[in-house]
1. Can you list the residues, at least 5 places off or on another chain, whose amide H is less than 5 Å from the amide H of LYS188, using H built in the peptide plane?
2. Of LYS145/LYS268; LYS268/LYS290; LYS147/LYS188; LYS254/LYS290; LYS230/LYS283, which pairs sit farther than 22 Å apart, going by alpha carbon to alpha carbon?
3. Using the per-residue mean of other Cβ atoms lying within 10 Å as a proxy for protection, in what order, highest first, do the peptides 155-163, 601-609, 215-223 fall?
4. Taking the mean number of other Cβ atoms within 10 Å as a proxy for protection, how do you rank 373-380, 391-398 from highest to lowest?
5. If we sort 554-564, 616-626 on the protection proxy, mean other Cβ atoms within 10 Å, highest first, what's the order?
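No lab work stands behind these numbers, since they all come straight from the coordinates. A quick note: this is a predicted structure, and the numbers were derived from the prediction, not measured. Quick reminder, even Gly has a Cβ in these numbers, built from the backbone with ideal geometry, and neighbours come from all protein chains shown.
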Amino acid sequence: MRLPLNESRNKCKRSMPSCGGAKVGLWLVWVAGKAASEMESSSMTIVSANCTGCGVKRLDGIKPQEASKIESSAIHAKTFVYFWATNNAILSFERFISSRLIRQKHLGLRVSRPVLRISVASIALAILVNTLTLAIVRGFQQKIKDKITGFNAPLFISKAGSAHIFEAEALDRRIPFLAELAQIKGLKSVQAVGFKPIMLQSQRFSDTIQLQSGKDSVVARQDLLGLLFKGVDSDYDWSFIKTNLYQGRLPRKKNINEVLISLNVAKKLNINLNDEVSVFHIKQQPLLKKVRVVGLYNTGFAEYDQQLVFGNLALVQQMSDNGTQIALRPQLDFNATLIKVEVQGDASNLLFDWGLGPDVYTAHRFTNLVDTTLKVIAYRFQNNTDQLERIDSATVLIDAPHLFKHSDLQFESGEPICLTDGLTKQIYACKNGELRFEFKDGAGTGAHFVSGFEISIDNFDELKRIELAVRNTVEMRPVNQHLLQVSNIKDTEADLFSWLDFLDFNVLIIIVLMLVIGIINIGSAMLVLIVVRTSFVGLLKALGANNRSIRRIFLYQAAYLLFRGLLIGNVVAIVLCFLQQNYSIVQLNPEVYYLDAVPLELSFWNFLLVNILTFVTCMIALLLPSRVVGRISPVKALKFQ
C-alpha cells in the first residue's frame with residue numbers, strides 16, 4: 001500500500017488509540033531501492049505488520065536496537081530509512097537522515113571533501129584566533145593592572161591641590177575620621193606612604209674612554225641617577241614585590257637604612273646586593289645619607305622599575321622637612337655664649353619654654369658657663385585660642401673647664417677655633433682645656449607626616465563605587481585647616497588605562513572578522529553539500545518530504561562540521577595557552593610592552609562565550625544558503641548527476 005507521507009502521518013494520528021498510542025508508537029520504514037550505478041526505479045516497501053484502522057503498516061513492539069537488524073536484512077548499503085513517531089520518538093527524521101549522510105563516503109563527497117575540509121579548518125582557525133585574542137588581551141590587561149596597582153594602590157588620599165601622588169604635599173596622618181573607611185564594603189586596607197626625590201650614586205668603577213689622540217684611557221667613574229624613594233609603613237602589603245623579588249630580601253622595619261632597588265637600576269649604577277650606596281636628598285640643603293641595598297626586584301614594568309626605590313617610611317620622614325623639629329646650638333664670642341633654638345620645618349605659632357614657662361624667646365644668653373644640661377620645650381598655639389600643643393623638645397649638655405671664662409677661648413680670624421663640629425657634638429679650644437657641647441636634638445613631628453594614604457580594594461571592577469564612598473567620607477572635612485582629595489589610578493595613569501581600554505575595540509574587530517570568514521566558508525560548504533546531493537533532495541521531495549525538513553537535514557550536517565571545527569580549534573587553543581603559560585614561548589620587550597612575555601588569561605566563561613557566539617552566529621547565517629533547497633525541482637533533481 002502506498003500513501004503520501006503527510007496523508008499517512010495524519011491517518012495514523014487519527015487511529016492512534018487502535019495503534020497503542022504513544023506508548024507503542026508508530027515507526028514507518030521507508031526503503032527506496034537504488035541500483036549500483038544509477039537509479040533505475042524507485043519503490044517503497046513497508047516492512048511491518050498491518051496497522052489496525054488506518055491501513056498503514058507498523059512495527060509492533062520493535063525495540064530501537066532491533067531496527068538495525070531489519071535494516072541489515074531488508075535494506076542494502078544504498079538505501080535510506082525513515083523512522084517516524086508521534087510522541088515517543090527515538091530519532092527524528094531529519095536527524096536520522098543527516099547522521100546517515102555524515103557517515104556516507106559517496107554521493108559526491110570526493111568532489112566536496114576539499115571544500116568541507118577548508119570549511120572545518122576555517123572554523124577551527126576562527127575559534128583559535130578568537131580564543132587566543134581574548135585570552136591575550138584579557139591577560140595583558142590584567143597583568144598591566146596588577147603591575148600598576150602593585151606599585152600604586154587603586155585609590156590615593158592626599159592633601160587637596162596636589163597635582164600628582166608623587167608630588168603630594170605632606171599631611172598629618174592623625175586624621176580622626178580615617179577609621180570610618182573600614183566600614184566601606186570592598187575596601188581592603190589603608191596604608192600610609194611617603195615619597196621623596198633622591199639621587200642615587202653608583203659604586204666607583206673603572207671605565208675605558210677614548211682620548212682625542214685615539215688612545216684608550218682607563219678612568220674611575222661614579223654615576224648619579226635620579227629616582228623616587230617610596231617609604232612604606234610596617235603594615236605595607238609586600239605581596240606584589242615578593243612575587244617579583246629577583247634577589248635578596250625585603251627591608252626590615254628595625255633597620256631604616258635598608259632599601260630595595262630594581263635590577264634595572266642596579267645594572268645602570270653597577271650596584272650589587274648588600275652594597276652600601278650614597279643617597280643625596282634635599283633638606284633645606286643637599287645632604288648625604290648611606291643606605292644598604294638588601295634586595296633587587298624585577299617586575300618587567302620598565303616605567304616603574306627605572307624610578308622607584310622602596311624603603312622604610314621613617315627614612316623618608318627623616319629626609320624630609322615635614323613637621324617641626326628643634327635643636328639647640330651654641331654661638332660663642334669674646335663675652336658670652338648664646339644658646340639658640342634652630343627650627344626645621346614649620347616654625348609658625350611657636351612658643352619656647354626655657355624653664356620659666358612658654359615664651360617667644362628663641363635664644364638664651366650665658367656670660368658664665370658651668371657644667372650643666374639645658375632643655376627647651378616647643379609649643380604651638382592655635383590662632384584665636386589659648387590651647388597649647390607640645391611639639392618637640394631638645395637638650396644640650398655643656399662641659400666647661402674649671403673657672404671657664406670666654407676670654408680663655410682661642411680665636412682665629414675673629415672666630416673661636418672649633419676642634420670638632422659634628423651633628424651630635426662640638427668641641428672648642430681653650431687655653432686651659434676644651435669647651436664641649438653635646439646635643440640631643442628633638443625627634444620632631446616629622447613622623448606624623450606622610451605623602452598620603454594608599455587604599456587597596458578587593459575587586460578592581462568596584463573602583464567607582466568605592467571611590468565615591470571614600471570621597472563622601474573624607475572630602476569637604478577640614479583637617480588642620482586643609483582639605484583632602486581622593487584620586488584613582490585611572491586618572492593618575494590615564495594614558496595606560498586608555499590604551500588598555502582601546503584593546504577591547506581591537507578584540508571586537510578581530511572577532512567580527514574571524515566570524516565573517518567562518519560564516520563565508522561554512523556557507524560555501526553548505527552550498528556544496530546541497531549541490532552534490534541534488535538528486536537526493538529530489539528523491540526526498542518525491543517521497544513527500546517538505547522543504548523545511550530537507551533544510552534541517554543540511555543544517556544538521558553543517559552543525560556537525562561546526563562542531564568538528566570548534567573541537568579542533570579549542571584543543572589547539574588550550575594546548576597553546578598551556579605552553580605559553582608554563583614555558584613563556586613568546587617573549588616581549590618590556591621597554592615597549594611593559595611585560596617580558598605574552599600573558600594569557602583564559603576564563604571558563606570567556607571560553608564558553610566565544611564558542612556559543614561562533615556556533616549561534618554561524619547557524620543563523622546558514623539559514624540563508626539553506627533556502628536553496630526550496631528552489632530544487634524534484635523532476636529535474638532526479639535526473640541530475
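1. Long-range HN contacts for LYS188: SER456, ILE457, ASP458.
2. On the way: LYS145/LYS268 27 Å; LYS268/LYS290 19 Å; LYS147/LYS188 17 Å; LYS254/LYS290 16 Å; LYS230/LYS283 17 Å.
Result: LYS145/LYS268 exceed 22 Å.
3. Details: 155-163: 18.7, 601-609: 13.1, 215-223: 9.9.
Packing order, densest peptide first, comes out as 155-163, 601-609, 215-223.
4. On the way: 373-380: 18.0, 391-398: 19.9.
So the peptides 373-380, 391-398, ranked by packing, come out 391-398, 373-380.
5. Numbers: 554-564: 19.3, 616-626: 16.2.
With the highest mean Cβ count within 10 Å placed first, the list reads 554-564, 616-626.
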